[in-house]
1. Would you check if there is a residue in the range 14-36 being among the polar types (S, T, N, Q) and at pLDDT 60 or above?
2. Considering each residue of the range 115-155, count those that are among the aromatic types (Phe, Trp, Tyr) and either more than 14 Å from the chain's Cα centre (by Cα) or outside any helix (DSSP H, G or I) (or both), and give that number.
3. Take Ile96 and tell me if it is over 17 Å from Lys38 (Cα atoms), in contact with a Ser or Thr (Cβ under 8 Å, 6 or more places away or on another chain), at pLDDT below 95 and not in a helix (DSSP H, G or I).
4. Going through the range 51-83 one residue at a time, which ones are surrounded by fewer than 13 Cβ atoms within 10 Å (Cβ to Cβ) and of a type in the set (A, V, I, L, M, F, W, C)?
5. Anything in the range 84-121 that is surrounded by fewer than 12 Cβ atoms within 10 Å (Cβ to Cβ) and in contact (Cβ under 8 Å) with a residue 40 or more places away in the chain? List them, or say none.
6. May I ask you to list the residues in the range 122-143 that are of a type in the set (A, V, I, L, M), surrounded by fewer than 18 Cβ atoms within 10 Å (Cβ to Cβ) and in contact (Cβ under 8 Å) with a residue 12 or more places away in the chain?
7. Return the residue satisfying two criteria in turn: it lies in the range 39-73 and is part of a helix (DSSP H, G or I) and of a type in the set (A, V, I, L, M), and of such residues it is farthest from Lys125 (Cα to Cα).
8. Checking the condition more than 23 Å from Glu49 (Cα to Cα) and either in contact with a His (Cβ under 8 Å, 6 or more places away or on another chain) or at pLDDT 95 or above (or both), which residue from Leu70, Leu88, Leu107 passes?
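The values are calculated or read from the model by the stated rules, or taken from the named source; none is laboratory data. For clarity, every value in this text was computed on a predicted model and none was experimentally measured. Heads up, the Cβs are rebuilt from the backbone with ideal geometry, glycines too, and the neighbour counts pull from every protein chain shown.
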Amino acid sequence: MKKYFLSAVLLASVALTAFSQTNVEEVDFYQSVFGMAKRTMVSDFIDLENFPEVDFWQLYDEYEVARKDLGKKRLELLDTYAKAYMSLDDPRTDEIIKDMATQKKSLDKLIFKYYKKMSKTVGVKPAAQFYQLENYLLSAIRLAILDNIPFIGEI
């Protein structure tokens with residue numbers, strides 16, 4: 001997994017670049033680049049030698065469509081945070097934190113949903129590898145984002 005850390009950080013920078021864009025087409029482009037790089041990592045990491053690859057990739061593609069929708073919502077939340085940062089009061093801060101927690105839960109729930117689908121279709125091992133890799137990449141991206149946004153009350 002450690003060899004994927006640098007790739008995950010690079011993918012996080014793609015996510016941050018998308019965050020800084022206001023043009024929907026540019027966000028879609030960056031998500032596309034992210035998706036292609038991530039798909040390569042998935043194919044390198046997940047062992048499908050004894051399992052039907054077609055079934056895995058069909059489920060993975062379904063997952064990616066849903067993940068991208070949630071990713072756009074996360075970018076919107078980051079944009080909201082950035083725009084409101086200098087004028088955050090307690091009610092607005094509470095609202096943003098609750099929205100972030102809801103978004104995080106939705107993504108975690110989505111990953112687990114597809115872990116269950118994949119475990120039934122392609123087996124527990126590849127499904128567990130999918131689950132582990134998704135959480136690893138998500139953690140690296142979350143860390144990169146947190147590293148690049150100001151702490152509440154910092155400025």
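1. Step one: filter the range 14-36 for residues among the polar types (S, T, N, Q), giving 17, 20-23, 31-32.
Filter again for at pLDDT 60 or above, leaving 31-32.
Yes, the range 14-36 contains a residue that is among the polar types (S, T, N, Q) and at pLDDT 60 or above.
2. If we filter the range 115-155 for residues that are among the aromatic types (Phe, Trp, Tyr), which is where we start, we get 115, 130-131, 136, 151.
Pick out the ones that are also either more than 14 Å from the chain's Cα centre (by Cα) or outside any helix (DSSP H, G or I) (or both) and you get 115, 151.
Qualifying residue count for the region: 2.
3. Working: over 17 Å from Lys38 (Cα atoms): yes; in contact with a Ser or Thr (Cβ under 8 Å, 6 or more places away or on another chain): yes; at pLDDT below 95: yes; not in a helix (DSSP H, G or I): no.
Against the criterion (over 17 Å from Lys38 (Cα atoms), in contact with a Ser or Thr (Cβ under 8 Å, 6 or more places away or on another chain), at pLDDT below 95 and not in a helix (DSSP H, G or I)), Ile96 does not qualify.
4. Across the range 51-83, the qualifying residues are Val54, Val65.
5. Met86
6. Let us first name the residues in the range 122-143 that are of a type in the set (A, V, I, L, M), namely 122, 124, 127-128, 133, 137-138, 140-141, 143.
Add one more test, that the residue is surrounded by fewer than 18 Cβ atoms within 10 Å (Cβ to Cβ), and what stays is 124, 128, 138, 143.
Those that are of a type in the set (A, V, I, L, M), surrounded by fewer than 18 Cβ atoms within 10 Å (Cβ to Cβ) and in contact (Cβ under 8 Å) with a residue 12 or more places away in the chain: Ala128, Leu138, Leu143.
7. Pass one, the range 39-73, residues part of a helix (DSSP H, G or I): 39-45, 53-73.
Filter once more, so that each one left must be of a type in the set (A, V, I, L, M): 41-42, 54, 59, 65-66, 70.
Details: Met41: 17, Val42: 14, Val54: 16, Leu59: 15, Val65: 23, Ala66: 23, Leu70: 26 Å.
Applying the filter and picking the extreme gives Leu70.
8. On the way: Leu70 fails: either in contact with a His (Cβ under 8 Å, 6 or more places away or on another chain) or at pLDDT 95 or above (or both); Leu88 fails: either in contact with a His (Cβ under 8 Å, 6 or more places away or on another chain) or at pLDDT 95 or above (or both).
Answer to the check: Leu107.
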